[in-house]
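Single-structure report; data block below.
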Amino acid sequence: MTNTDDHLQAILKRTRVIACVGVSMNPVRPSYFVARYLGLKGYRVIPVNPGHAGKTLFGEVIRPDLAAIPPEAQVDFVDIFRRSDAVPGVVDEALTHLPGLKTIWMQIGVEHPEAAAKAEAAGATVIQNRCPKIEYQRLFGELRMGGFNTGVISSRI
């Protein structure tokens, strides 16, 4: 499926709980500010990073892996901040341990066609090489102040 604006917007509207794999506790790292931004937009963001497991970030306990997220968290979206070669393992773990999974999103520069095909065959929507923060801002008219042509007309000032 092509990632039309309507398709991406529908994904971002239906999402409730995001597991952010590879999140950093360093506020200058992209994974930190993307996760923080998504939390500020109303998503529950569950941080996943084995190097910081047990610590708290954005009011959530950092999990060592996706298997450690309790089922009642109802994760429906996995945001992958890992190298492309780590994607198959993340996808396998997500498909095994997250029964409500609807979306696997690979950040800018992250792609893995085989893992994407496996996730899609299991019923998940897969987005590769894009950032949900950028797409949210673009699709919901928040990038206009930065000089970006979002294609969204708004009367907000």
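Can you say whether VAL17 is touching a Lys or Arg at 6+ places or on another chain (Cβ under 6 Å), under 18 Å from GLN137 (Cβ atoms), touching a residue at least 60 places away in the same chain (Cβ under 8 Å) and surrounded by 13 or more Cβ atoms within 10 Å (Cβ to Cβ), as far as the supplied structure shows? Taking the combined requirement at face value, the residue does not satisfy it. Look at (1) within 20 Å of VAL17 (Cβ to Cβ); (2) in contact with an Asp or Glu (Cβ under 9 Å, 6 or more places away or on another chain); (3) at pLDDT below 95 and you find that GLY151 fails only one, number (1). For ASN3, indicate whether it is more than 13 Å from the chain's Cα centre (by Cα), surrounded by fewer than 22 Cβ atoms within 10 Å (Cβ to Cβ), in contact (Cβ under 8 Å) with a residue 40 or more places away in the chain and part of a loop (DSSP other than H, G, I, E, B). Criteria met by ASN3. Consider VAL28 carefully, then state whether it is of a type in the set (Val, Ile, Thr) and within 20 Å of GLY100 (Cα to Cα). In short, no.
Among the residues of the stretch 80-91, are any assigned to a helix (DSSP H, G or I) and acidic (Asp, Glu)? Checking the stretch 80-91: at least one residue is assigned to a helix (DSSP H, G or I) and acidic (Asp, Glu).
It is to be established whether one or more residues within the stretch 99-121 are aromatic (Phe, Trp, Tyr), surrounded by fewer than 20 Cβ atoms within 10 Å (Cβ to Cβ) and either at pLDDT 95 or above or in a loop (DSSP other than H, G, I, E, B) (or both). Looking for residues that are aromatic (Phe, Trp, Tyr), surrounded by fewer than 20 Cβ atoms within 10 Å (Cβ to Cβ) and either at pLDDT 95 or above or in a loop (DSSP other than H, G, I, E, B) (or both), one finds none in the stretch 99-121, hence no. Of all residues in the stretch 68-85, those being within 25 Å of PHE33 (Cβ to Cβ) and without any contact (Cβ under 8 Å) to a residue 60 or more places away in the chain number 9.
Of the residues making up the stretch 70-90, those that are over 10 Å from VAL17 (Cα atoms), among the charged types (D, E, K, R) and touching a strand residue (DSSP E or B) at 6+ places or on another chain (Cβ under 8 Å) are ASP79, ARG82. Among the residues of the stretch 61-68, is there at least one that is within 11 Å of ILE18 (Cβ to Cβ) and in contact with a strand residue (DSSP E or B) (Cβ under 6 Å, 6 or more places away or on another chain)? The answer is no; no qualifying residue exists. Scanning the stretch 10-28 turns up one or more residues that are part of a strand (DSSP E or B) and over 18 Å from GLU135 (Cα atoms).
The values are calculated or read from the model by the stated rules, or taken from the named source; none is laboratory data. All of these numbers come straight from a predicted model, not from anything done at the bench. As a convention, Cβ positions derive from the backbone with ideal geometry for all residues, glycine included, and neighbour counts pool all protein chains shown.
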